[in-house]
1. Which of the helices (runs of 4 or more DSSP H) contained wholly in the range B:387-502 include at least 2 residues that are out of contact with any strand residue (DSSP E or B) (no Cβ under 6 Å at 6 or more places or on another chain) and within 22 Å of B:Ala526 (Cα to Cα)?
2. Filter the range B:15-47 down to residues that are aliphatic (A, V, I, L, M) and surrounded by fewer than 18 Cβ atoms within 10 Å (Cβ to Cβ) and give me whichever is nearest to the other protein chains (Cβ to nearest Cβ).
3. Name the residues in the range A:95-107 that are within 20 Å of A:Gln138 (Cα to Cα) and either charged (D, E, K, R) or more than 7 Å from chain B (Cβ to nearest Cβ) (or both), would you?
4. Give the residue that is surrounded by the fewest Cβ atoms within 10 Å (Cβ to Cβ), with candidates limited to residues of the range B:61-98 that are of a type in the set (D, E, K, R) and under 43 Å from the mean Cα position of the chain (by Cα).
5. What number of residues within the range A:1-36 satisfy the criterion of being more than 8 Å from chain B (Cβ to nearest Cβ), hydroxyl-bearing (Ser, Thr, Tyr) and under 14 Å from B:Cys128 (Cβ atoms)?
6. Suppose we filter the range B:771-780 for residues that are of a type outside the set (Ser, Thr, Tyr) and at pLDDT 85 or above; how many remain?
7. Quick one: in the range B:103-154, of everything that is basic (Lys, Arg) and under 48 Å from the mean Cα position of the chain (by Cα), which residue is surrounded by the fewest Cβ atoms within 10 Å (Cβ to Cβ)?
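The values are calculated or read from the model by the stated rules, or taken from the named source; none is laboratory data. Here the structure is a predicted model, which means the values were calculated and not measured. Counting neighbours? That spans all protein chains shown, and the Cβs are built from the backbone with ideal geometry, glycine included.
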Amino acid sequence: MNSAHRQGKLRLQKWYTATAERDKKKMVRELMQTVLARKPKMCSFLEWRDLKIVYKRYASLYFCCAIEEQDNELITLEVIHRFVELLDKYFGSVCELDIIFNFEKAYFILDEFLMGGEIQDTSKKSVLKAIEQADLLQEVTWTPGVTSM
Amino acid sequence: MPAPIRLRELIRTIRTARTQAEEREMIQKECAAIRSSFREEDNTYRCRNVAKLLYMHMLGYPAHFGQLECLKLIASQKFTDKRIGYLGAMLLLDERQDVHLLMTNCIKNDLNHSTQYVQGLALCTLGCMGSSEMCRDLAGEVEKLLKTSNSYLRKKAALCAVHVIRKVPELMEMFLPATKNLLSEKNHGVLHTSVVLLTEMCERSPDMLAHFRKLVPQLVRILKNLIMSGYSPEHDVSGISDPFLQVRILRLLRILGKSDDDSSEAMNDILAQVATNTETSKNVGNAILYETVLTIMDIKSESGLRVLAINILGRFLLNNDKNIRYVALTSLLKTVQTDHNAVQRHRSTIVDCLKDLDVSIKRRAMELSFALVNGNNIRGMMKELLYFLDSCDPEFKADCASGVFLAAEKYAPSKRWHIDTIMRVLTTAGSYVRDDSVPNLIQLITNSVEMHAYTVQRLYKALLDDISQQPLVQVASWCIGEYGDLLVSGQCEEEEPIQVTEDEVLDVLEGLLVSNLSTPVTRGYALTAIMKLSTRFSSVNRIKKVVSIYGSSIDVELQQRAVEYNALFKKYDHMRPALLERMPIMEKTATNGPTEIVQTNGETEPSVVEAKHPPPVTQPANQANDLLDLLGGNDVVPVIQTTMPTKPASAGGELLDLLGDLSLSGAPAPAPAPSVPTSQPSFLLDGLSSQPLFNDIAAAGIPPMTAYSKNGLKIDFTFERANPNPNIAVITIHASNSTEADMTDFVFQAAVPKTFQLQLLSPSSNVVPALNQGTVTQVIRVLNLQKQQLRMRIKLTYTHKGSPVQDLAEVNNFPPQSWQ
């Protein structure tokens, strides 16, 4: 799952299969080129290597998911949407800058929502509550003198 | 040392960089600072530094020196550290680095931590990137957590277990007890992840699958509750209750119901319910319907349900949302084999999708259209498909052209339609057709005897228009070479015959030879065509001139042909007519689809196909051999052994005696004079792979026999029928030697009664190795027009242990099938 800026800058990437760094870079580059070349009227699915790519554009960001042959593309669109909703709720009307400046938080949210490529919890409320609590825990355990990253 | 700059600060700074170089400089500076900070073992700011490193890593810069720091963070007691540490581990480490194993102990401790969020971090990391070693070590901990009552942890443990099973399938058994009451949970998170876990287990193990079948009623109940229950704000998506869970349950049901009648029976109702009640206005509803359709098609559902499913797909096809259309086409493609008729009903919608703007949809629609073509709709479908071929992107043309050819082959309503269709493809997408379409088309044309005049005329006209599409040009030149006489005589019945003179035809062919657009292969075709016309046209001198010019061509292929043709004009002019006669019908080797029924062509001889004709007895054998060697080139058919049979016939009288008059292959050229040396086809059918030009149908049950066995020499005969002529028996002799010494200078000769004709091809070698280490094989072809019982007299000569051996024998024990 990754999200990339319109001009091809990567904002987030999560790999659920072990891949060499060099290959990851190559794949991301290839994938980005393919997705960015798509015209607006085209459908959200494309075949790439032996995987299916589901992508959706939100403002200046493209969110892409690579799924396997037997997975349901339409529900993947919903998964992407759910993730964006979570970001939106957390940051309050999320925009790209939020994700840029708080990328580690975006990752935390993603890791609370998905694990190994599968949904952990289908309740928005539940996921957000867990993040909230974890954030609180983080607050409490800062080293004196250091209050933020 | 001043505190390292904050993460946000760094991000801001880097974003101000206006060039790549500037950015790189900033990054390098910061990396240096971070490195020294790491060296100082600074605990306070380690977290911050690693976070910055992760940011830079995301921009594409190397960050491997932070790997160990991540481990230190994970080991720290502070939650902040752990959070970043684990994130870093997931981003920077994977099982390829040995370093990752050092995490195992930390993770183990954290799995037992008192704070659930720490446990959660550990589970998450293990579940995303745990290697098989780590999984093996920690599976027990995961299993423990799977049984906890804390739903926050339980759901994560379930997904972690999925990962463990994927990495180490043998550990699956271990998780079985814990799955007992997973489905009785109320918490949707746990339910969802449990279903994923069960799915994973069932997919991997048939035993597990059988075991979990009993869960079907429970799953059905859960699904029912989801659908029937009222609005639940926590899990609602556009009015549908927990669609994610619904989809996962449907998928598990699919796996459980496949090939199992009882389970399928139990889920019929709920599937029908979901299919009919789900709201389809939003993507979410359609996602559920899609999964339902997939499930219905995969299990043993009753036909009413299947029709319902296909109708849903049909409705999808009409949906405005292109994603839905795409998904529908994909599914229909999967079901078209099994539910062909149901899918046919939606044919027109599918054909409309050919005009869609989206590439993926077009491709699917094309594949599906080809799958739906049948004898009834071929004309209509082909019109649409040809129109598509005209206007589609180049990436589609090759596949579309192949598809059109295949479909036309299978369902062509008439020969003329077939040829027209192929011509249309060649003229519109000529350069994209597959290489083997040229020989296939040639084969098709030879088979359609009555269409020859029409075909050659159309091809000629096409050539006049455009000589750039090589496959078309190749086929056209071949046809003109073969049927040029029909073209010039204006004999076309099917359409208005055109007036063409010999010179005009030769002009066109010569034009091909000189044109820059023609590939070397095409030029070869053109030259051969011109040569063939020397027997069909009267302007032989012109042809001679052309041929001699190319005798000094730079292109070796062309030169070789020209030189040989020249030789034909000079030394073997009397053979020319025979050699350049009409091609007999070619048998199609079944590449795809059934072999075509071969029609006998009135002009050519039905008996022997493509056999090399030995020259008339009057011809000195040596010259004949030279000629045949010249033309032999690199073809696959063995060179005829011409000298062998004739000599014994004249010299040794023994063979003649016992069977009365013998007729051997040296008979003067009477009826069976098909006379096209196989070299000719090897020029023309360059595109053909090295398939033998006569099709041997595997023995079809004619048992082999031992013809001779004496003094350690055994000769076995195996039989085949030569297609298309069942009157010819093809016998392969296998000579083996069980003595300790080789038999050298081995010569096998055979004679048959007058009513038969025999042709002996050259042996594989003339040494029969000792102790059965190998065999000498030789092919005999016997023409048995009168269907009499086959008898044969054989003569064997060889040298064994220094002394020459000679023996005669009669072979009478041919199995009846070989001559009936």
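1. Working: elements: B:394-411, B:415-429, B:437-447, B:452-465, B:470-489.
Fully inside the range B:387-502 and qualifying: B:415-429, B:437-447, B:452-465, B:470-489.
2. Residues of the range B:15-47 aliphatic (A, V, I, L, M): B:17, B:21, B:26-27, B:32-34.
Those left that are additionally surrounded by fewer than 18 Cβ atoms within 10 Å (Cβ to Cβ): B:17, B:21, B:26, B:32-33.
Values: B:Ala17: 13, B:Ala21: 17, B:Met26: 16, B:Ala32: 20, B:Ala33: 16 Å.
For the range B:15-47, the residue satisfying everything is B:Ala17.
3. If we filter the range A:95-107 for residues that are within 20 Å of A:Gln138 (Cα to Cα), which is where we start, we get A:98-99, A:101-107.
Within the range A:95-107, A:Asp98, A:Ile99, A:Asn102, A:Glu104, A:Lys105, A:Ala106 meet the criteria.
4. First, pick out the residues of the range B:61-98 that are of a type in the set (D, E, K, R): B:69, B:72, B:78, B:81-83, B:94-96, B:98.
Next, from what is left, pick out any that are under 43 Å from the mean Cα position of the chain (by Cα): B:94-96, B:98.
On the way: B:Asp94: 20, B:Glu95: 16, B:Arg96: 12, B:Asp98: 8.
Filtering first and then ranking leaves B:Asp98.
5. 1
6. Quick first cut of the range B:771-780, residues of a type outside the set (Ser, Thr, Tyr) only: B:771-774, B:776, B:778-780.
Next cut, at pLDDT 85 or above only: B:776, B:778-780.
Total meeting the criteria: 4.
7. If we filter the range B:103-154 for residues that are basic (Lys, Arg), which is where we start, we get B:108, B:136, B:144, B:147, B:154.
Those left that are additionally under 48 Å from the mean Cα position of the chain (by Cα): B:136, B:154.
Working: B:Arg136: 16, B:Arg154: 21.
Residue satisfying both the conditions and the ranking: B:Arg136.
Yes/no matrix, rows are residues, columns are (1) more than 8 Å from chain B (Cβ to nearest Cβ); (2) of a type outside the set (Lys, Arg); (3) over 13 Å from the mean Cα position of the chain (by Cα):
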{"position": "A:His81", "(1), (2), (3)": "yes, yes, no"}
{"position": "A:Ser93", "(1), (2), (3)": "yes, yes, yes"}
{"position": "A:Phe113", "(1), (2), (3)": "yes, yes, no"}
{"position": "A:Ala130", "(1), (2), (3)": "no, yes, yes"}
